[in-house]
Each structure stands twice: as C-alpha cells, then as structure tokens.
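Report on the following structure.
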Amino acid sequence: MNLPCSVEINALRGSDGIVTALLVSPFESDHAVLRLVFSRDNWRLHSAYDSEAALSLMSKDTIPVIICNLRNGDLKGLLEASAQLPNPSKLIVSSRLMDERLSAEALNMGAHDVLATPFDAREVFRSVSMAWHSWQRENRSATIRRKQPQSAAQGRVLVRTART
C-alpha cells in the first residue's frame, strides 16, 4: 500500500509535527484499515468506538482531524464539541451508504469532507492530508492574530479608514 503521493506529506508536516487524527467508528474493520494506512505514512491515529470515548480523547489531546462514521449517529455533537475547542478539528464523515444526499447533508452540517467505506487508502490519504493542512493553516492564522497587539491592529484600521 505504498502510496504514490506519500512524498507530499513531508511538505504538509512542516515543523509543526505529525499528522494526527481520531477515528470514531463502531466497526473494527475501519480501525484495522486506518491503522495500516496511518502506520505506513508514520501518522498518528487515535481510535474511539463511540462518541463518548471520542469526546474524552478530544478533551485530553489536540486532534486536528476526526474521521467519524455516519452510523455513529452523533455527528452534530462531535461538530459542536469540536467548535468549542481553541483549534476546532476538521471532521471527515464516512459511511458505507454514502451518496450525494448524505454527502451534501454532512457538508452542510460543517463536515470538511466525506469518505465512502470500505476505505480506499489513496482517498484516505488525500482527505486526511487536505483536512490536516487546512487545520494547520487556520491554527497558524489564529496564533498570529492572538500574538498581534490589539492597538497595532486598531491603528492599521484607523489609517486605512482615514485614506478612504
């Protein structure tokens, strides 16, 4: 399962660490496939078999990407819990019954992406890489905004306003 795009992951990792995700699924087969995909790319995968265990892990560790089986039933709860975090996770929804309607519903609720199961290693790699990269960009932007002095930011707004 050596993926042709595995070279790209070094650019995504940067100096900020290893790609980390949480799989929330009641299906052992999902966990087995993702453990294999993640081990091949030296990524870190946390596993939870229900929402309660997922919420516990989310409260203890920074989880940039969550892959949640739609059958788990608590997609909305995971999205809401993630939104409360300082750096909200990117949620990828998976389902054995994925179709256009379910995909649209998940994306409209706030999911970052959707994956059909059984998982395809290349699709998992693509989806998780994109979600992690998006999370990294947002995390860096938020850090820069927090470090920027409030008075300096206000001064720039006033200067721009005065020029118009």
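Computed from the Cβ-Cβ distance with R0 of 41 Å, the FRET efficiency linking residue 139 to residue 104 stands at 0.90. Projecting the Cα positions of 103, 116, 83 onto the charge dipole of the stretch 66-119 (unit charges on Cβ atoms of Lys, Arg, Asp and Glu, taken about the Cα centre) puts 116 furthest along the positive direction.
A straight chain from residue 35 to residue 121 at 0.36 nm per residue would run longer than the Cα-Cα distance by 29.9 nm.
Only the coordinates and a few stated rules stand behind these numbers; no lab work does. Quick caveat: nothing in here was measured; it's all calculated off a predicted structure. Please note: Cβ atoms are built from the backbone with ideal geometry, for glycine as well, and neighbour counts cover all protein chains shown.
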